[in-house]
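Peer 1: This structure is in structure tokens; I'll ask about it shortly.
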Amino acid sequence: MSANDVVIVGAGLAGAKTAEALRAGGYGGGIVLVGEERHLPYERPALSKEGLIDGPVGEKVQVHPEGWYAEHDVDLITDCPVTDVDVRAHRVSLTGSASLRYESLVLTTGAAPRRLRVEGSDLGGVHHLRTVEDSTALYAALAGAPRTVVIGGGWIGLEVAAAARSRGAEVTVLEQAPVPMERVLGTRMADVLLRAHRDRGVDVRGGVEVRALLPQGHGRVAAVLLGDGTVLAADVVVVGIGAQPRTELAQRSGLEVSNGIVVDAGLRSSAPDVYAAGDTANAWHPTLGRHLRVEHWDNALHQPETVAASILGVDAPYDRLPYFFSDQYDLGLEYTGWVDPTVAHDVVVRGDEASGRFMAFWLRDGRVAAGMGVNEWGQMDAVQDLIRSGSLVDLSLLADPDVPLPDLDASVRT
Ligand SMILES: Cc1cc2nc3c(=O)[nH]c(=O)nc-3n(C[C@H](O)[C@H](O)[C@H](O)COP(=O)(O)OP(=O)(O)OC[C@H]3O[C@@H](n4cnc5c(N)ncnc54)[C@H](O)[C@@H]3O)c2cc1C
């Protein structure tokens, strides 16, 4: 390896995009991208959508085609967990006895599904969803319309419920909070999702505690036991109770870790020459004035540009506003911004909720903090402009679908 080599640990979206951004920025040194999965780096959103409805996603989710890595002189090592990082010696240890020296190290290790800690969680028929293998196994398990219980009513849980329902399964969603997504979206918008699922026959139950998963013969799950003693028969159980950042390596090597690897706006960690991006990074956000760990595709896609800039000595703080999308049945959702869930926000709706096509805005002190489009596309840039302007918005104009969002800027008061 040459003197100024970059080693990237974690060959997912953020890892592959870091290699791409370095080459696009003119970096001419060696780049090694090491991943523990057997696959080329791939994108995960389809795993809980088309992957569960139409079948295994195959090559179409690859970040780059196979030949790209050699063409860009990126040394991709798959199926090889990194076991240790020595930040003083600037060295990473790979499975086996090999190790690599680095000038710059980028940790893009992603996140792992949180596990349910009740009796029976390891029974057959209990699924988590993170990898291609998880998605393929769940797709197969959903054949024949099994009784499916989804534990957790977050984005992934609700997407799984929608996919399973569209394949004819009898679906129950169990959520600890009173209403799924209420903490993130507030009562009114959480109710839109709740109705979407209930109208299609999903049994959504809030305020539920799961006490145990009960077996039948052969170590397979047969039922879910709830805190109130209810027993729900289940052929398939999907656990979707969130994800935890993969910080094992960072922690062991003494990096600052708190809800992810703590990094500054240039995505630099507490150790010299070590950076982090994607689901695992808890990054200082200059516009929001706080650290934020974002588990969204868009964040893993774009943070690598900042990592590459920092490695190349260019100051390019990461300050994109969080953005994500979700597809459930015929609802396509896009959301951007950030809402502090501990603070009450006003919700303004533009358009007709009942029509299934509208926008919603979350406001604090008359200023837009976040916006969501439901089957309403191409508006997120304008929403982000409103958020960034930090201006007081005329609520009647905001609610009026005939007033283009960019025109609101002209009507704002600071
Ligand atoms: C099922 C599913 C559906 C999703 N849908 C959406 C969506 O609709 N919209 C949206 O905005 N976001 C969605 N997301 C989130 C989005 O996919 C993630 O934010 C994104 O994958 C994060 O990319 P990453 O590169 O940070 O992490 P990952 O994609 O997880 O990649 C990290 C890689 O690092 C590897 N790794 C970890 N530790 C080591 C080690 N020690 N050695 C070697 N390799 C290691 C992991 O195995 C993994 O391959 C979804 C996620 C999932 C799981």
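The values are calculated or read from the model by the stated rules, or taken from the named source; none is laboratory data. Note that this is a predicted model, so its numbers are computed, not measured. Because the Cβ atoms are built from the backbone with ideal geometry, glycine has one as well, and the counts that use them run over all protein chains shown. Just so you know, the surface numbers come from the protein's heavy atoms only, side chains and all, with ligands and any DNA or RNA stripped out. Shrake-Rupley method; radii C 1.70, N 1.55, O 1.52, S 1.80 Å.
Peer 1: From 213, 292, 301, 225, which residue is under 25 Å from residue 167 (Cβ atoms), touching a residue at least 12 places away in the same chain (Cβ under 8 Å) and not in a loop (DSSP other than H, G, I, E, B)?
Peer 2: From the options 213, 292, 301, 225, the qualifying one is 213.
Peer 1: Which residue out of 169, 162 is in contact (Cβ under 8 Å) with a residue 24 or more places away in the chain and touching a Pro at 6+ places or on another chain (Cβ under 8 Å)?
Peer 2: 169
Peer 1: While we're looking at this one, here's another question. Pairs, please: C-beta under 8 Å, at least 6 apart or cross-chain, first residue under 22 Å from residue 164 (Cβ atoms) and in the stretch 182-203, second among the aromatic types (Phe, Trp, Tyr) and open to solvent by 10 Å² or more (accessible area, probe 1.4 Å)?
Peer 2: If the second residue must be among the aromatic types (Phe, Trp, Tyr) and open to solvent by 10 Å² or more (accessible area, probe 1.4 Å), the pairs left are 196/329; 200/329.
Peer 1: Every residue in the stretch 291-332 that is within 9 Å of the ligand (Cβ to nearest atom) and among the hydrophobic types (A, V, I, L, M, F, W, C), please.
Peer 2: 294, 297, 300, 301, 324, 325
Peer 1: Okay, next question. Can you spot a residue in the stretch 49-57 that is of a type in the set (Gly, Ala, Ser) and at pLDDT 95 or above?
Peer 2: Checked the stretch 49-57: at least one residue is of a type in the set (Gly, Ala, Ser) and at pLDDT 95 or above.
Peer 1: Next question. Checking the conditions here, which among 98, 46 is in contact with a Lys or Arg (Cβ under 9 Å, 6 or more places away or on another chain) and not hydroxyl-bearing (Ser, Thr, Tyr)? Don't jump to the end; show me each part of the working.
Peer 2: On the way: 98 fails: in contact with a Lys or Arg (Cβ under 9 Å, 6 or more places away or on another chain).
Sole residue among the options that is in contact with a Lys or Arg (Cβ under 9 Å, 6 or more places away or on another chain) and not hydroxyl-bearing (Ser, Thr, Tyr): 46.
Peer 1: State the number of residues belonging to the stretch 120-142 that are in contact (Cβ under 8 Å) with a residue 12 or more places away in the chain and in a loop (DSSP other than H, G, I, E, B).
Peer 2: Qualifying residue count, the stretch 120-142: 9.
Peer 1: Please go through the stretch 143-168 and pick out each residue that is buried (at least 24 other Cβ atoms within 10 Å of the Cβ) and within 20 Å of residue 220 (Cβ to Cβ).
Peer 2: Scanning the stretch 143-168 gives 148, 149, 150, 151, 160, 164.
Peer 1: All but one of (1) open to solvent by less than 30 Å² (accessible area, probe 1.4 Å); (2) closer than 15 Å to residue 158 by Cα; (3) β-branched (Val, Ile, Thr); (4) not in a strand (DSSP E or B) hold for residue 241, so report the exception by its number.
Peer 2: Status for residue 241: all satisfied but (1).
Peer 1: Okay, moving on. State which residue pairs qualify: first residue assigned to a strand (DSSP E or B) and inside the stretch 261-286, second residue within 12 Å of the ligand (Cβ to nearest atom) and open to solvent by 20 Å² or more (accessible area, probe 1.4 Å) in any location, beta carbons under 6 Å apart, and separation of 6 or more residues or different chains.
Peer 2: Note: pairs meeting the criteria are 282/293.
Peer 1: Is at least one residue of the stretch 345-360 in contact (Cβ under 8 Å) with a residue 60 or more places away in the chain and either in the same structural domain as residue 297 (by TED's automatic domain parsing) or in a loop (DSSP other than H, G, I, E, B) (or both)?
Peer 2: yes
Peer 1: Output the residue which, of all residues in the stretch 340-363 that are within 22 Å of residue 285 (Cβ to Cβ) and at pLDDT 95 or above, is surrounded by the fewest Cβ atoms within 10 Å (Cβ to Cβ).
Peer 2: 363
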